[in-house]
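J.: Have a look at this one before I ask anything.
The values are calculated or read from the model by the stated rules, or taken from the named source; none is laboratory data. No experiment lies behind these values; they were computed from the predicted model shown. Neighbour counts are summed over all protein chains in view; Cβ atoms, including those assigned to glycine, are modelled from backbone coordinates with ideal geometry. For the accessible areas, the whole protein counts, side chains as well, though only heavy atoms, and no ligand, DNA or RNA atoms are used. Shrake-Rupley method; radii C 1.70, N 1.55, O 1.52, S 1.80 Å.
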Amino acid sequence: MAGELHGQGQDLGVHTCGECQQQVETHWHCTECEAYDLCVHCYLTKDHPHEMVKVGLGLDECPMSVRECRRLAIRRCIQSLKHARQCRNAACSQKDCQKMKRVVLHTRSCQRKTNGGCPVCKQFIALCCHHAKYCQENPCIVPLCLNIKQKLRQRRLQLRQQRFGNHLPQG
């Protein structure tokens with residue numbers, strides 16, 4: 001009994017991140033690699049090919065601001081989306097690959113997205129919009145990116161025309 005309690009307590013100890021070498025209590029543990037753990041920050045920013053499980057109480061979970069954590073989570077989703085668009089492995093083990101493939105497939109055939117009634121499509125389109133604002137790739141593998149970039153350019157052009165049109169001298 002004492003051995004069981006001691007063994008359980010080891011998961012709540014201090015662990016070293018396999019990427020940044022920071023010592024943390026809350027971490028993500030790889031289910032396949034031997035003794036490979038990531039701190040929350042590296043888990044959000046690095047790409048590890050195996051499934052990982054969260055271990056710890058979450059007391060040191062996000063050393064960054066909520067905005068920074070959200071930004072990193074969005075970046076990780078975009079990385080997953082890019083991977084899923086190029087991945088041809090039906091049994092891919094990369095985290096979120098299968099999920100992202102299902103989301104893309106859903107968005108292509110969803111009838112409710114046109115009137116904004118589908119929450120999955122709304123979130124997916126918002127992710128693509130966020131990506132398109134900063135995308136420099138041509139062509140880009142992210143769905144909707146080209147169309148969104150074109151709409152953003154048109155909107156900027158209209159705003160410029162309105163701004164300069166209002167300041168033209170009256171003749």
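J.: For the range 70-171, report the accessible area per residue in Å² (1.4 Å probe, heavy atoms, rounded to an integer).
T.: Values: 7580 Å² over 102 residues.
Ligands and nucleic acids excluded, the result is 74 Å² per residue.
J.: Let me ask something additional. Measuring from label point to label point, each 7 Å out along Cα→Cβ, what is the residue 162 to residue 68 span in nm?
T.: Distance between the two pseudo-spin positions: 3.5 nm.
J.: Turning to a different aspect of this structure: So what's the net charge close to residue 49: Lys and Arg +1, Asp and Glu -1, counting the other residues with Cβ under 12 Å from its Cβ?
T.: -2
J.: Take each of the peptides 135-146, 22-33, 97-108, 82-93, average the number of other beta-carbon atoms within 10 Å over its residues, and list them starting from the highest. Walk me through the intermediate numbers first.
T.: On the way: 135-146: 14.0, 22-33: 17.2, 97-108: 15.6, 82-93: 12.1.
Output ranking for 135-146, 22-33, 97-108, 82-93: 22-33, 97-108, 135-146, 82-93.
J.: Quote the relative contact order of the range 71-171 in percent (integer), defining contacts as alpha-carbon pairs under 8 Å separated by 6+ residues. Walk me through the numbers on the way to the answer.
T.: Details: 57 pairs, mean separation 22.1, N = 101.
So the answer I get is 22 percent.
J.: To continue, here is another question. What does the net charge come to around residue 137 if you take all other residues with beta carbon closer than 11 Å to its beta carbon, with K and R at +1 and D and E at -1?
T.: +2
J.: While we're here: Based only on Cα atoms, what Rg/Rh ratio does the range 65-171 have, Rh being taken as Kirkwood's radius?
T.: Values: Rg = 17.8 Å, Rh = 16.0 Å.
Computed over Cα atoms, the ratio is 1.11.
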